[in-house]
Amino acid sequence: MVFYKKYSSLYSLIMNWLILILAGLFEVGFTTCLGKAKETNGNISILWIFGFFLSLSLSMYLLYRATQSLPMGTAYAVWTGIGAVGTVIVGIFFFDEPATFWRLFFIVTLIGSILGLKFVTH
């Protein structure tokens with residue numbers, strides 16, 4: 001029975017980290033939809049706005065689920081970090097935003113901070 005509890009707890013922790021990562025990716029999704037809605041008009045813009053609200057809702061729900069077992073401060077920092085890094089990368093590749101040395105440098109330091117939070121959280 002102890003064996004089951006030990007690995008069940010580990011499985012739950014891993015699943016909550018995966019849920020948190022997915023929540024962060026949906027955050028990238030809603031910021032991307034927001035950017036695309038700004039670039040378009042008419043019915044296409046409405047579809048992007050719908051995608052924005054869908055991604056926003058899923059992101060918030062998954063963040064809520066992840067915080068059931070992960071510390072709130074860590075989960076929120078990782079969630080916003082994934083969203084920030086992902087949004088900058090999407091901006092560079094799809095919205096012609098600049099990829100300067102300093103922008104990339106600080107993105108790398110942000111990724112390092114996110115990984116650091118993950119490894120020091122129990």
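Summary table below
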{"read-out": "Among residues of segment 32-46, those that are buried (at least 20 other Cβ atoms within 10 Å of the Cβ) and either under 24 Å from PRO71 (Cα atoms) or not hydrophobic (A, V, I, L, M, F, W, C) (or both), counted", "value": "1"}
{"read-out": "Meets criteria (more than 26 Å from PHE101 (Cα to Cα) and not hydroxyl-bearing (Ser, Thr, Tyr)) for LEU58", "value": "yes"}
{"read-out": "Single condition GLY73 does not satisfy, out of (1) of a type outside the set (A, V, I, L, M); (2) over 21 Å from PHE30 (Cα atoms); (3) not in a helix (DSSP H, G or I)", "value": "(3)"}
{"read-out": "The listed residue being exposed (fewer than 13 other Cβ atoms within 10 Å of the Cβ), without any contact (Cβ under 8 Å) to a residue 60 or more places away in the chain and not polar (S, T, N, Q), out of ILE92, ILE14, ILE49", "value": "ILE14"}
{"read-out": "Test set (1) surrounded by 17 or more Cβ atoms within 10 Å (Cβ to Cβ); (2) touching a residue at least 60 places away in the same chain (Cβ under 8 Å) - SER55 fails condition number", "value": "(2)"}
{"read-out": "Test: residue in segment 77-87 that is in a helix (DSSP H, G or I), under 30 Å from SER9 (Cα atoms), within 11 Å of the chain's Cα centre (by Cα) and hydroxyl-bearing (Ser, Thr, Tyr)", "value": "yes"}
{"read-out": "Flag if ALA99 is assigned to a loop (DSSP other than H, G, I, E, B) and either closer than 21 Å to THR32 by Cβ or touching a Gly at 6+ places or on another chain (Cβ under 8 Å) (or both)", "value": "yes"}
{"read-out": "Within segment 21-67, considering residues that are over 17 Å from the mean Cα position of the chain (by Cα) and not in a helix (DSSP H, G or I), the one nearest to SER8 (Cα to Cα)", "value": "THR40"}
{"read-out": "Residue satisfying all of: in segment 72-89; hydroxyl-bearing (Ser, Thr, Tyr) and touching a Gly at 6+ places or on another chain (Cβ under 9 Å); surrounded by the most Cβ atoms within 10 Å (Cβ to Cβ) among these", "value": "THR87"}
{"read-out": "Search result, residues across segment 61-71 that are loosely packed, with under 15 Cβ neighbours inside 10 Å and either of a type in the set (Val, Ile, Thr) or modelled with pLDDT of 95 or more (or both)", "value": "TYR61, TYR64"}
{"read-out": "Looking only at segment 100-122, and only at residues there that are polar (S, T, N, Q) and loosely packed, with under 14 Cβ neighbours inside 10 Å, the one that is modelled with the lowest pLDDT", "value": "SER113"}
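The values are calculated or read from the model by the stated rules, or taken from the named source; none is laboratory data. As the structure is a prediction and not an experimental result, all values here were calculated from the model. Glycine also receives a Cβ, built like all others from the backbone with ideal geometry; neighbour counts cover every protein chain displayed.
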